[in-house]
Amino acid sequence: MGNEQPVVAILMGSDSDWETVAHAAETLKKFGVAFEVRVCSAHRTPDAAAEFAKGAAARGLRVIIAAAGSAAHLAGVLAAHTTLPVIGVPMKGGALDGLDALLATVQMPAGIPVATVALGKAGAVNAALFAVQILALADPALQAKLAAHKTTLAKKVEEGNQRIQAELKKLML
């Protein structure tokens, strides 16, 4: 992203995951968080995944988001090789429509934590928001952006309620 030093890495097991993972990138961009994106497979390029994780902190990264489907071991492989927080995004699809990815991502052994979010777009967005929350612990400007984001969410809900109340009023006449 621009010339800024990335502080968040988004990795995906396959380029076919980009359609979903792009929502994480868009969310980070919205918050002004510098990030990098790459394809890296826990199974097809295990050495590259391990090397990426081992060097991530030294390169200035602070959080890693890892999206993968099927057996979904990317987040765990990365977490095994770094002390940085890793957020796993299980991808939908395959024979079990993402259930296998969800279970593989969330069921990490003790000592190798991976924060796991929902499948699909919601998971990609929430992974980015969780990364922003982690970074905001030491960044008051990001804290303010998160507070504004929460206010926007609340306003959208209230606007939705007002629309429904107006529809109900018409229905009752």
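Rule-based calculations on the coordinates, nothing more; no lab input. None of these values were measured; they are calculated from a predicted model. Counting neighbours? That spans all protein chains shown, and the Cβs are built from the backbone with ideal geometry, glycine included.
By the count of other C-beta atoms within 10 Å, a proxy for reagent exposure, H73, H149, H23 are ordered fewest to most as H149, H23, H73.
Averaging over all projection directions, the Cα-based convex hull of the range 115-173 occupies 5.4 nm² in the image plane. Using only side-chain charges placed at the Cβ, +1 for Lys and Arg and -1 for Asp and Glu, the dipole size of the chain relative to its Cα centre rounds to 560 debye. Summary value for the chain: 20 percent relative contact order, contacts being C-alpha pairs under 8 angstrom separated by 6+ residues. All other residues whose Cβ lies under 12 angstrom from that of T151 are scored, Lys and Arg at +1 and Asp and Glu at -1, for a net of +3. For a test of the definition: using alpha carbon positions, the gyration tensor, and the 1.5 limit on a/c, classify the range 61-117 as rounded, prolate or oblate. Note, shape of the range 61-117 comes out prolate. Projecting the Cα atoms of Q162, T151, G111 onto the charge dipole of the chain, computed from C-beta unit charges around the Cα centre, puts Q162 farthest toward the positive end. If the segment from A57 to A71 were pulled out straight at 0.36 nm per residue, it would be longer than the present Cα-Cα gap by 2.4 nm.
Scan the range 26-79 for trypsin sites (Lys or Arg not before Pro) in coil per DSSP, keeping those whose Cβ has at most 15 other Cβ atoms within 10 Å, and list them by number. Loop-located and lightly packed - R44, R59.
Stokes-Einstein diffusion for the chain at 37 °C, viscosity 0.692 mPa s, with a Kirkwood radius from C-alpha pairs, works out to 193 µm²/s. For K145, the lysines whose Cα comes closer than 28 Å to its Cα, not counting residues fewer than 8 places off in the same chain, are K29, K30, K121, K155, K156.
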